[in-house]
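The structure under discussion appears below in the form of structure tokens.
The values are calculated or read from the model by the stated rules, or taken from the named source; none is laboratory data. Since the model is a prediction, treat every value here as computed from it, not as a measurement. Here Cβ is always computed from backbone atoms with ideal geometry, including for glycine, and neighbour counts include all displayed protein chains. For accessibility, only protein heavy atoms count, side chains too; no ligands or nucleic acids. Shrake-Rupley method; radii C 1.70, N 1.55, O 1.52, S 1.80 Å.
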Amino acid sequence: MFQTDYVKRVFEDLKKRNENEKEFLQAALEILESLESYIVKHPEIENNKILERFVEPERFLQFRVSWVDDQGEVQVNRGYRVQFNSSIGPYKGGLRFHPSVNASIIKFLGLEQVLKNSLTSLPMGGGKGGSDFDPKGKSDHEIMRFCQAFMTELYRHIGEDTDIPAGDIGVGAREIGYLFGQYKRIQNKTVGVLTGKGIPFGGSLVRTEATGYGLCYFTEEALKIMKNESFQNKTVIISGSGNVAIYACQKAKELGAKVIAMSDSNGYVYDSNGIQLEVVKSIKEEKRGRIKEYLSYVPTAVYQEGASGIWQLPCDIALPCATQNELDLEAAKALVKNGVIAVSEGANMPSTLEAAKYFIEKKIIYGPAKAANAGGVATSGLEMSQNSLRYSWSFEEVDQKLKDIMVQIFHNIYKVALELGNPYDTLSGANIAGFEKVAKAMLSLGIY
Ligand code: NDP
């Protein structure tokens, strides 16, 4: 598994200290394995214990969130924020509200975020947070009370130059509005402490669309450079039907592709005529309903229970945009057998390590999450710039900047993959390109 004693030792030690954190260890293993070729050429990494410090969060916060539901019952949830690494800028990363959230998931997301933010080329460190609160089935007032209770603790740990949270699974424009409102009231000041804000109170145009759009910009460039191809006339499947999936679908269609399937955690819809995005948006964004309701609008479509079956459908391009570990080796084999040419990750760590390695081995274009979905946080970085300037850019200006950043990210990671002698190893390309900048900053800042 490991070629060097140093990296092996770091991972073994991490395993001992975090033995029940399987997602965190999975993310760390993927990163550490692919950094080995860089580390052997840079003895200063081992001499300064950079890796040991890199995998240990600067700060990990866990707190109680008590709130009152519509029946007058007191509810208690657990809140988290990991401030993972601030060597290149203030901590930055989303908040996830989902019942599966625990320390392991928050730490895996935080570690990934450090490298992702570095890849954007903007000065942002990595953080992540959230709660095991389940927004599904809650009334609007319950969501508001929970967000207010969450921020009543979180506010003391964040700030516009310290730590700037944003959205993730279960945290969209509505939740950011309630969280921001509470921060403003407690602090009595209006600053850009959260991103993904509504346009009337400091949000950036394109932030809502950014992760999905960015994913397609990245993938389009990869298709062009690596296979002289494009989205034009390709069939695409997209898992999930949340923020990332919806805007990936919109941009893929604009670029000339036909999206034939989308999903949620219960199952997937297949529409051979092409998914009607307005229907999905209405079900998901307005009614907060289930994807199977698509059939009441489009009776010719097919619904299948079980989210993972989506990968068995033949397609040219697969965009996993739901959640971690949703695409395993078996799914990867089915995609390759059915002729997929590109798999680009909108979700964080959607492919298991075995699946990712299989794509690389089979010379499939593989867009690793930390590169391919960095458009969301990059546009959050642009929102921070606009807030500091007390200014807003037009949709076209932000969209162009997003496109430039995504194209640049592709070229940066592809260059490293070429130097490593395998153009398809964009996984190592992304990890090394992201890590190099963080390691240099850590070396310059003195031991901390
Ligand atoms: P949303 O909450 O808007 O949507 C999540 C989607 O994924 C829903 O369709 C949801 O289905 C599905 N999903 C969630 N959990 C599971 C599961 N366990 N199994 C199958 N499907 C599931 O979240 P986002 O679109 O914002 O986030 C999706 C992914 O993209 C996450 O991995 C997130 O970390 C990543 N990401 C998001 C960014 C952003 O800007 N929002 C930026 C970068 C990455 P259901 O409704 O049934 O739960």
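Details
- Each residue in the range 133-147 was checked for being away from the ligand (no atom under 13 Å from the Cβ) and of a type in the set (D, E), and 2 pass.
- The single condition from (1) over 22 Å from S428 (Cβ atoms); (2) in contact with a helix residue (DSSP H, G or I) (Cβ under 6 Å, 6 or more places away or on another chain) that D132 fails is (2).
- Candidate set from the range 290-324 (those that are more than 22 Å from K227 (Cβ to Cβ) and aromatic (F, W, Y)); member that is farthest from the ligand (Cβ to nearest atom): Y297
- Counting the residues of the range 342-399 that are of a type in the set (K, R) and within 16 Å of the ligand (Cβ to nearest atom) gives 1.
- None of S86, S37 is surrounded by 14 or more Cβ atoms within 10 Å (Cβ to Cβ), in contact with a Gly (Cβ under 8 Å, 6 or more places away or on another chain) and either hydroxyl-bearing (S, T, Y) or farther than 26 Å from E436 by Cα (or both) except S86.
- Residue pairs whose Cβ atoms lie under 6 Å apart, separated by 6 or more positions or on different chains, with the first residue in the range 336-355 and closer than 17 Å to G212 by Cα and the second within 12 Å of the ligand (Cβ to nearest atom) and in a strand (DSSP E or B), are S344/L319; E345/P320; G346/L319; A347/P320; P350/P320; P350/L327.
- Subset of the range 227-255 [among the hydroxyl-bearing types (S, T, Y), farther than 18 Å from W311 by Cα and part of a loop (DSSP other than H, G, I, E, B)]: S230
- Test result for E278, open to solvent by 20 Å² or more (accessible area, probe 1.4 Å), within 12 Å of the ligand (Cβ to nearest atom), in a helix (DSSP H, G or I) and at negative phi: no
- Just so you know, in the range 290-314 the residues that are hydrophobic (A, V, I, L, M, F, W, C) and part of a helix (DSSP H, G or I) include one that is most open to solvent (accessible area, probe 1.4 Å), and it is L295.
- Checking each residue of the range 62-73 against the condition of being aromatic (F, W, Y), within 22 Å of L119 (Cα to Cα) and surrounded by 15 or more Cβ atoms within 10 Å (Cβ to Cβ) gives no match.
- Subset tally (residues that are out of contact with any Lys or Arg (no Cβ under 8 Å at 6 or more places or on another chain), open to solvent by less than 10 Å² (accessible area, probe 1.4 Å) and under 19 Å from S265 (Cβ atoms)) for the range 109-142: 1
- Selection of the range 325-341 for residues being touching a strand residue (DSSP E or B) at 6+ places or on another chain (Cβ under 8 Å) and more than 16 Å from the ligand (Cβ to nearest atom) yields A332, L335, V340, I341.
- Positions within the range 167-226 being within 17 Å of the chain's Cα centre (by Cα), surrounded by fewer than 19 Cβ atoms within 10 Å (Cβ to Cβ) and assigned to a helix (DSSP H, G or I), in sequence order: A173
- Look at (1) without any contact (Cβ under 8 Å) to a residue 60 or more places away in the chain; (2) out of contact with any Leu (no Cβ under 7 Å at 6 or more places or on another chain); (3) surrounded by fewer than 15 Cβ atoms within 10 Å (Cβ to Cβ) and you find that N20 fails only one, number (1).
- M262, sole failed condition from (1) more than 9 Å from the ligand (Cβ to nearest atom); (2) assigned to a strand (DSSP E or B): (1)
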